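To start, the structure under review is shown below, and the notes come after it.
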Amino acid sequence: MRKKAYRPDVDVPEWKGRYVPYDIIKEGTIALVVVAILTVALAVVFSSPDEKAITIKTWSNADPIDFAKTAVSELDGTSGVAHYGAPYNHGGPAQGLGFLSPEKWVGVRIAINTATDFVLNPLEAQPTQPALHAALTQWASASSTTQSSWTSAYASADAKMTFTGDHVNVPTHAAGPVPVLINDLTMMARSGALDQALVTQNGFYTTNYTKPLLFLSDGTYLAGLANKQHLGGDQWGMMNETGSWPGQAWLWLYTFWYQVSPYNSSKSGDFMVFGTMMVLTALLVAVPFIPGLRSVPRRIKIYRLIWREHYRESED
Amino acid sequence: MSTDIDRQWTSRLRRSVVAKLPPDKLLPDTQPAYVASWIYVFGVTTMAALGVVIATGCILALDGPQWWHSSSLGHFVNSLHLWSVEIFFFAMVIHLWGKFAMAAWRGGRSLTWVTGAITFMVSILTAFTGYVSQTNFDSQWIATQAKDGINSTGGGAFFNVLNLGQMLMWHIVLLPIGAVLLTVLHVVMVRVKGVVPPIVETVELSA
């Protein structure tokens, strides 16, 4: 019978050399004690970061104009979330490559209507206020064309927006009820009531912060704070942490792609990065089965360093 | 002639387990002389760090997801959790590349490599869900950024990183179960097959 050829990257000869004493339980115990001591030492010396969460109340008090401008974009459907697309709405194009577009295939499953969810529903939940009630009624009874003309008039004047005397001021008289809606939403946000209104839309008990987080992400306040903490996407932020603590350093390759073209310029950059990482991950998992790739260790010879005593003994 | 007891599922399972993993393989008191390098330390270090990660996570879980913000003891336990995670990944990455350099999949150990690589991926996902469950600024920012990557795959519709409750459940229940089961499977495979021998350079052998 023909003998099968020996494949150095697949096969191993049976070990016929000597064995040495080995106490696996002692080894494990020592490792656990050393790691526990090292962990305590690092925790005592370096502690850990805990930058307080920002709220819509924080945001609207720190930068009421950014909040008010974001609120207008939610109302007129020009915000990032309003134009996001799946899984939130049909507002924007899905990411994909060629015919591959799983985002589009899955469709809308976490429905978000920015005007209704972020502006109108919270305002309607407010205690009866005649001016607000009138503004909401005027908005609801207007055609979509009229609504658009109001928000356009407001948005075109919002470069001159000011916030004085606890009031959002925009120099326009063609915006219908929009100034009242935006001003009242800003006041609601500054009181903290909007934070509650956005989460309690899911019921009394809730652990779902999708709506307030999406609203926050549409403004410039959250991103501004993050960039100051070097957490931006173009700052290798995925592997960074607030302050000077180490973050998810193991994501270095994932965030690397966001720094280079075409990933950082394509509208489907996220999908391309994910696809690239999935291919690389599959290669890593399947190394033992890929000729050429599984020969790399034998070629680079780092194993000679690891088993140097074995090879020294063999050569002697 | 086999008896009724021999044919029991329990008896068959016991025989199979003992045949594949006899006590002297499961808890060996000797090992081949070639297992003599610092690189071997990182496998057991990874396991030890996993133990500390789980222990500190369990303490954090005692009083809910937010107590550590307002308690100095809680903050310290959070620090222990963070640093044990950093040690875990540090050791795991060195272990992974060390095993790559040794071509540790040789001799019927392919699945040992595969389970190890998958455990690494599951660990990354577990850590990620921990980061978005911190209930602080960091988690807000990471969640709002990560949603774009996950949504682009279609996965965001089912794995909503902005849903704290869902992320926390994945972080403290589902993914740790997966990571621990994979680790156990990986270690059992290592014990069954033993530590991979050195690469043969000069001798022509037949397998």
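The values are calculated or read from the model by the stated rules, or taken from the named source; none is laboratory data. Quick caveat, the model's predicted, so the values are computed rather than measured. Neighbour counts are summed over all protein chains in view; Cβ atoms, including those assigned to glycine, are modelled from backbone coordinates with ideal geometry.
Is there a residue in region A:46-57 that is out of contact with any Lys or Arg (no Cβ under 7 Å at 6 or more places or on another chain), assigned to a helix (DSSP H, G or I) and under 24 Å from residue B:136 (Cα atoms)? There is at least one residue in region A:46-57 that is out of contact with any Lys or Arg (no Cβ under 7 Å at 6 or more places or on another chain), assigned to a helix (DSSP H, G or I) and under 24 Å from residue B:136 (Cα atoms). Listed by first and then second residue, the pairs with beta-carbon distance under 6 Å, at least 6 apart or on different chains, first residue in region A:90-115 and free of Cβ contacts under 8 Å to residues at least 24 places away in the same chain, second of a type in the set (Asp, Glu), are A:94/A:103. Taken together, the criteria place residue A:75 among residues that are surrounded by 15 or more Cβ atoms within 10 Å (Cβ to Cβ) and assigned by TED's automatic domain parsing to the domain that holds residue A:225. Tell me, which helices (runs of 4 or more DSSP H) lie completely within region A:92-150 with 3 or more residues that are under 20 Å from residue A:176 (Cβ atoms) and touching a helix residue (DSSP H, G or I) at 6+ places or on another chain (Cβ under 8 Å)? Those helices (runs of 4 or more DSSP H) span A:121-124, A:130-141.
If you go through region A:213-251 and keep only what is more than 7 Å from every other protein chain (Cβ to nearest Cβ) and among the aromatic types (Phe, Trp, Tyr), you end up with A:215, A:221, A:236, A:245. Of A:291, A:297, all but one fail to be part of a helix (DSSP H, G or I) and at pLDDT 95 or above; the exception is A:297.
Could you grab me the full set of residues in region A:164-212 that are away from chain B (no Cβ under 14 Å) and among the polar types (S, T, N, Q)? Once the filter is applied, which keeps residues that are away from chain B (no Cβ under 14 Å) and among the polar types (S, T, N, Q), region A:164-212 yields A:164, A:169, A:172, A:183, A:186, A:191, A:196, A:200.
Could you go through region B:34-54 and let me know if any residue there is surrounded by 17 or more Cβ atoms within 10 Å (Cβ to Cβ), at the interface with chain A (Cβ under 7 Å from one of its Cβ atoms) and touching a His at 6+ places or on another chain (Cβ under 6 Å). Within region B:34-54, one or more residues are surrounded by 17 or more Cβ atoms within 10 Å (Cβ to Cβ), at the interface with chain A (Cβ under 7 Å from one of its Cβ atoms) and touching a His at 6+ places or on another chain (Cβ under 6 Å).
Name the pairs: first residue in region A:44-69 and without any contact (Cβ under 8 Å) to a residue 24 or more places away in the chain, second residue among the hydrophobic types (A, V, I, L, M, F, W, C), Cβ to Cβ under 6 Å, at least 6 apart or on different chains? From residues that are without any contact (Cβ under 8 Å) to a residue 24 or more places away in the chain, the pairs are A:53/B:137. Once region B:89-130 is narrowed to residues that are among the hydroxyl-bearing types (Ser, Thr, Tyr) and farther than 12 Å from residue B:178 by Cβ, the residue that is surrounded by the fewest Cβ atoms within 10 Å (Cβ to Cβ) is B:110.
Apart from one condition, residue B:63 fits all of (1) of a type outside the set (A, V, I, L, M, F, W, C); (2) more than 7 Å from every other protein chain (Cβ to nearest Cβ); (3) within 23 Å of the chain's Cα centre (by Cα); the exception is (3).
Looking at (1) assigned by TED's automatic domain parsing to the domain that holds residue A:111; (2) buried (at least 18 other Cβ atoms within 10 Å of the Cβ); (3) among the charged types (D, E, K, R), can you tell me which one residue A:270 breaks? Against the list (1) assigned by TED's automatic domain parsing to the domain that holds residue A:111; (2) buried (at least 18 other Cβ atoms within 10 Å of the Cβ); (3) among the charged types (D, E, K, R), residue A:270 comes up short only on (1).
Given the structure, is residue A:146 within 18 Å of residue A:115 (Cβ to Cβ) and among the hydroxyl-bearing types (Ser, Thr, Tyr)? It is true that residue A:146 is within 18 Å of residue A:115 (Cβ to Cβ) and among the hydroxyl-bearing types (Ser, Thr, Tyr).
Here residue A:243 does not fit the description of being in the same structural domain as residue A:93 (by TED's automatic domain parsing) and of a type outside the set (A, V, I, L, M, F, W, C). Of all residues in region A:259-287, those that are more than 9 Å from chain B (Cβ to nearest Cβ) and either out of contact with any Ser or Thr (no Cβ under 8 Å at 6 or more places or on another chain) or more than 21 Å from residue A:86 (Cβ to Cβ) (or both) total 14.
For region B:9-69, the helices (runs of 4 or more DSSP H) that sit wholly inside it and include 3 or more residues that are more than 18 Å from residue B:186 (Cα to Cα) and not assigned by TED's automatic domain parsing to the domain that holds residue B:80 are B:9-20.
Taking interchain pairs and intrachain pairs at least six residues apart, which have beta carbon atoms under 6 angstrom, with the first residue in region A:289-316 and within 20 Å of residue B:108 (Cβ to Cβ) and the second among the aliphatic types (A, V, I, L, M)? Once the first residue is within 20 Å of residue B:108 (Cβ to Cβ) and sits in region A:289-316, its partners that are among the aliphatic types (A, V, I, L, M) give A:293/A:287; A:294/A:287; A:297/B:101; A:297/B:103; A:298/B:199; A:303/B:101; A:303/B:102; A:303/B:199. Selection over region A:54-88 of residues that are within 20 Å of the chain's Cα centre (by Cα) and on the phi > 0 side of the Ramachandran plot gives a count of 1. Number of residues in region A:1-46 that are closer than 17 Å to residue B:24 by Cβ, touching a strand residue (DSSP E or B) at 6+ places or on another chain (Cβ under 9 Å) and of a type in the set (A, V, I, L, M): the value is 2.
Of the set (1) within 8 Å of chain A (Cβ to nearest Cβ); (2) more than 30 Å from residue A:312 (Cα to Cα); (3) not hydroxyl-bearing (Ser, Thr, Tyr), all apply to residue B:98 but (2). Quick one: is residue B:74 touching a His at 6+ places or on another chain (Cβ under 9 Å), at pLDDT 95 or above and buried (at least 17 other Cβ atoms within 10 Å of the Cβ)? The answer is no for residue B:74.
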